[in-house]
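Okay, so here's the structure we're looking at.
The values are calculated or read from the model by the stated rules, or taken from the named source; none is laboratory data. Just so it is clear, the structure is predicted and the values come from calculations on it, not from any experiment. A quick note on method: Cβ atoms are made from the backbone with ideal geometry, for glycine too, and the neighbour counts reach across all protein chains shown. Remember, those area values only see protein heavy atoms, side chains included, never the ligands or the DNA or RNA. Shrake-Rupley method; radii C 1.70, N 1.55, O 1.52, S 1.80 Å.
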Amino acid sequence: MSLNTFGHLFRVTTWGESHGPAIGCTVDGCPPGVVLDEGAIQPWLDRRRPGQSKFTTQRQEPDQVRILSGVFEGVTTGTPIQLMIENTDQRSKDYGEIARQFRPGHADVTYHLKYGVRDHRGGGRSSARETASRVAAGGVARAVLAALVPGLKITGYMVQMGTKTIDRARFDSDEAERNPFWCPDPAMVGEWAAYLDGLRLSHNSVGAVVEVVATGVPPGLGAPLYGKLDSDLAAAMMSINAVKGVEIGEGMAAAALTGVENADEMEMGPDGLRYLSNHAGGILGGISTGQPVVCRFAVKPTSSILTPRRSVDTLGHAVEVVTKGRHDPCVGIRAVPVGEAMMACVLLDHILLDRGQTGGIRGTIG
């Protein structure tokens with residue numbers, strides 16, 4: 001299996017399976033001299049960790065990260081950083097019945113058709129367990145970003161669960177840190193809880209929309225035509241398990257706007273150029289404008305549900321599939337820290353690319 005690596009200069013290769021002894025990643029291209037230890041990475045993994053509420057999978061994984069290489073006396077050396085997270089709470093017996101069956105909506109059938117062999121335990125390599133490795137890599141990226149661009153901040157939250165969307169007039173970023181849904185609308189927390197409780201008890205699941213915003217992003221990141229910041233962001237977010245759609249700025253809603261409504265007007269302010277709106281999501285022509293970079297992605301409903309679904313087995317016989325085990329009724333919840341991590345990795349990658357190409361030289365206005 002190839003293509004387990006993403007990034008250009010800041011490159012991340014993830015490895016491991018859901019029910020194997022461990023998962024992890026190799027981070028290559030990290031600059032030397034950055035202060036880093038497990039304590040700098042662990043808080044980000046704790047945000048993604050399963051079993052923290054009844055609304056996520058009850059698999060109990062501490063997700064303790066170990067740095068095996070690339071750090072000496074508390075700072076990065078510039079050599080590959082190897083990160084490992086041991087799996088401690090696998091229940092492979094839950095998947096015995098689907099070893100020869102294909103779960104509808106899952107990657108079982110495509111892995112089988114492509115490779116002729118698959119690890120059925122928890123989905124193996126296709127499991128969302130792999131995203132813990134991305135979050136660990138994102139922790140490394142955040143440490144480097146804090147050193148290179150101290151004012152840069154990345155924040156993720158859920159803006160929609162099923163058909164229930166937040167009211168942006170009630171938007172409170174602090175609220176997203178106080179509830180299990182990363183919901184920035186305090187009035188929706190109880191409604192989402194009741195809604196998800198009903199779905200969970202009826203052996204069903206639901207999708208979600210996650211928004212990730214990066215503020216303090218310097219202008220000039222990204223390059224035309226095939227090195228666009230937004231195209232790399234879109235690819236990174238789309239690579240997350242269960243993601244089926246990605247938007248930058250207004251995204252699909254831009255199709256309903258007129259040119260007058262959509263174009264972000266500009267003026268000179270006391271601190272230089274400023275924009276009067278941000279329909280572009282902080283990126284024009286594939287290059288960051290200096291405004292907040294806004295990205296949203298849609299996550300499909302969890303395919304692993306207890307409700308029987310029609311399918312076939314490896315011999316082509318008709319079967320009814322019931323997926324046992326411990327699963328998220330809404331995978332969008334734990335996708336929030338994953339989206340933040342991917343944003344961090346992509347932004348750092350483009351900062352390093354820009355340093356190599358332009359040396360930080362910028363055009364001036366006024």
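Considering only the range 285-302, I want to know if a residue exists there that is more than 30 Å from residue 164 (Cα to Cα), out of contact with any strand residue (DSSP E or B) (no Cβ under 6 Å at 6 or more places or on another chain) and hydrophobic (A, V, I, L, M, F, W, C). Yes, that holds for at least one residue. Restricting attention to the range 117-129, and to residues there that are open to solvent by less than 60 Å² (accessible area, probe 1.4 Å) and not charged (D, E, K, R), which single residue is nearest to residue 43 (Cα to Cα)? Applying the filter and picking the extreme gives 128.
Of the residues in the range 130-145, not one is touching a residue at least 24 places away in the same chain (Cβ under 8 Å), surrounded by fewer than 15 Cβ atoms within 10 Å (Cβ to Cβ), assigned to a helix (DSSP H, G or I) and not acidic (Asp, Glu).
Here is a list of conditions, (1) out of contact with any helix residue (DSSP H, G or I) (no Cβ under 8 Å at 6 or more places or on another chain); (2) surrounded by fewer than 20 Cβ atoms within 10 Å (Cβ to Cβ); (3) over 30 Å from residue 319 (Cα atoms), and residue 114 meets all of them except one; can you say which number that is? Every listed condition holds for residue 114 apart from (3). The residue list 316, 281 contains one member that is at positive phi, at pLDDT 95 or above, part of a loop (DSSP other than H, G, I, E, B) and surrounded by fewer than 18 Cβ atoms within 10 Å (Cβ to Cβ), which is 316. Being crowded, with 20+ Cβ neighbours inside 10 Å and either more than 23 Å from the chain's Cα centre (by Cα) or under 27 Å from residue 285 (Cα atoms) (or both) is a description that applies to residue 222. Scanning the range 1-49 for residues that are closer than 22 Å to residue 87 by Cβ and assigned to a helix (DSSP H, G or I) turns up 38, 39, 41, 42, 43, 44, 45, 46, 47, 48.
Report whether or not residue 337 is touching a residue at least 24 places away in the same chain (Cβ under 8 Å), in a loop (DSSP other than H, G, I, E, B) and not small (Gly, Ala, Ser).
The answer is no for residue 337.
Within the group 323, 307, which residue is among the polar types (S, T, N, Q) and open to solvent by 20 Å² or more (accessible area, probe 1.4 Å)? Exactly one residue qualifies, and that residue is 307. For the range 161-275, the strands (runs of 3 or more DSSP E) that sit wholly inside it and include 1 or more residues that are touching a helix residue (DSSP H, G or I) at 6+ places or on another chain (Cβ under 6 Å) are 208-215, 243-248.
The residue pairs whose first member lies in the range 219-245 and is under 30 Å from residue 272 (Cβ atoms), whose second member is assigned to a loop (DSSP other than H, G, I, E, B) and of a type in the set (A, V, I, L, M, F, W, C), and whose beta carbons are closer than 6 Å, counting only pairs six or more residues apart or on different chains, are 229/221.
Scanning the range 185-209 for residues that are touching a Pro at 6+ places or on another chain (Cβ under 8 Å) and open to solvent by 30 Å² or more (accessible area, probe 1.4 Å) yields a count of 2. On inspection, residue 356 qualifies as modelled with pLDDT under 95, more than 29 Å from residue 251 (Cα to Cα), open to solvent by 50 Å² or more (accessible area, probe 1.4 Å) and not in a loop (DSSP other than H, G, I, E, B).
For the range 101-129, the tally of residues that are within 21 Å of residue 13 (Cβ to Cβ), outside any helix (DSSP H, G or I) and either under 16 Å from the mean Cα position of the chain (by Cα) or not charged (D, E, K, R) (or both) stands at 2. Taken as a whole, the structure leaves residue 212 outside the set of residues that are among the hydrophobic types (A, V, I, L, M, F, W, C), open to solvent by less than 20 Å² (accessible area, probe 1.4 Å) and farther than 14 Å from residue 332 by Cα. Within the range 295-313, restricting attention to residues that are of a type in the set (D, E, K, R) and part of a strand (DSSP E or B), the residue that is modelled with the highest pLDDT is 296.
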